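S.K.: The structure follows.
The values are calculated or read from the model by the stated rules, or taken from the named source; none is laboratory data. For clarity, every value in this text was computed on a predicted model and none was experimentally measured. Backbone-built Cβ (ideal geometry, glycine too); neighbour counts: all protein chains shown.
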Amino acid sequence: MDNKSYSAVVQCVFPNGKHGPNAVASIEVLGNVTFALKPPVWEEKYWPEEGDIVVLSEIRKKTRGWRAYSGRFFQPSDEQPTTKQSSTE
């Protein structure tokens, strides 16, 4: 299992999926990744909507594609720190 976290854009949400509620998100380096919208995978109070940015991790390859076993909303703390120029320059 991959322990790296990836930011992904939610493509579609399936509230009544065959195996329970789930969603598909797109990760630039992997393509589409499916994740469940119930604990322990999705611990957020609300489900994501199409176009939301989420953070997916614990990803592994399955016969039918990539699956994430942990997901949450993207938060401000997930932003890469910006490089500040020194005021002494």
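S.K.: Say whether the condition of being among the hydroxyl-bearing types (Ser, Thr, Tyr) and touching a residue at least 40 places away in the same chain (Cβ under 8 Å) is met by at least one residue in the range 57-67.
M.R.: yes
S.K.: How about the range 1-28: which of its residues are of a type in the set (A, V, I, L, M, F, W, C) and either in contact with a Lys or Arg (Cβ under 9 Å, 6 or more places away or on another chain) or closer than 12 Å to Leu56 by Cβ (or both)?
M.R.: Within the range 1-28, Met1, Ala8, Val9, Val10, Ala23, Val24, Ala25, Ile27 meet the criteria.
Per-residue answers, yes or no, for (1) surrounded by 15 or more Cβ atoms within 10 Å (Cβ to Cβ); (2) at pLDDT below 95; (3) not in a strand (DSSP E or B):
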{"site": "Lys18", "(1), (2), (3)": "no, yes, yes"}
{"site": "Val29", "(1), (2), (3)": "no, yes, yes"}
{"site": "Asn32", "(1), (2), (3)": "no, no, no"}
{"site": "Phe35", "(1), (2), (3)": "yes, no, no"}
{"site": "Pro40", "(1), (2), (3)": "no, no, yes"}
{"site": "Val55", "(1), (2), (3)": "yes, no, no"}
{"site": "Ala68", "(1), (2), (3)": "yes, no, no"}
{"site": "Thr83", "(1), (2), (3)": "no, yes, yes"}
{"site": "Glu89", "(1), (2), (3)": "no, yes, yes"}
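S.K.: If you go through the range 2-13 one residue at a time, do you hit one that is of a type in the set (D, E, K, R) and either modelled with pLDDT of 95 or more or not in a loop (DSSP other than H, G, I, E, B) (or both)?
M.R.: The answer is yes, given that some residue of the range 2-13 is of a type in the set (D, E, K, R) and either modelled with pLDDT of 95 or more or not in a loop (DSSP other than H, G, I, E, B) (or both).
S.K.: While we're on this one: Filter the range 25-61 down to residues that are in contact with a Ser or Thr (Cβ under 7 Å, 6 or more places away or on another chain), more than 14 Å from Phe73 (Cα to Cα) and not charged (D, E, K, R), then give me how many there are.
M.R.: Residues meeting the conditions: 1.
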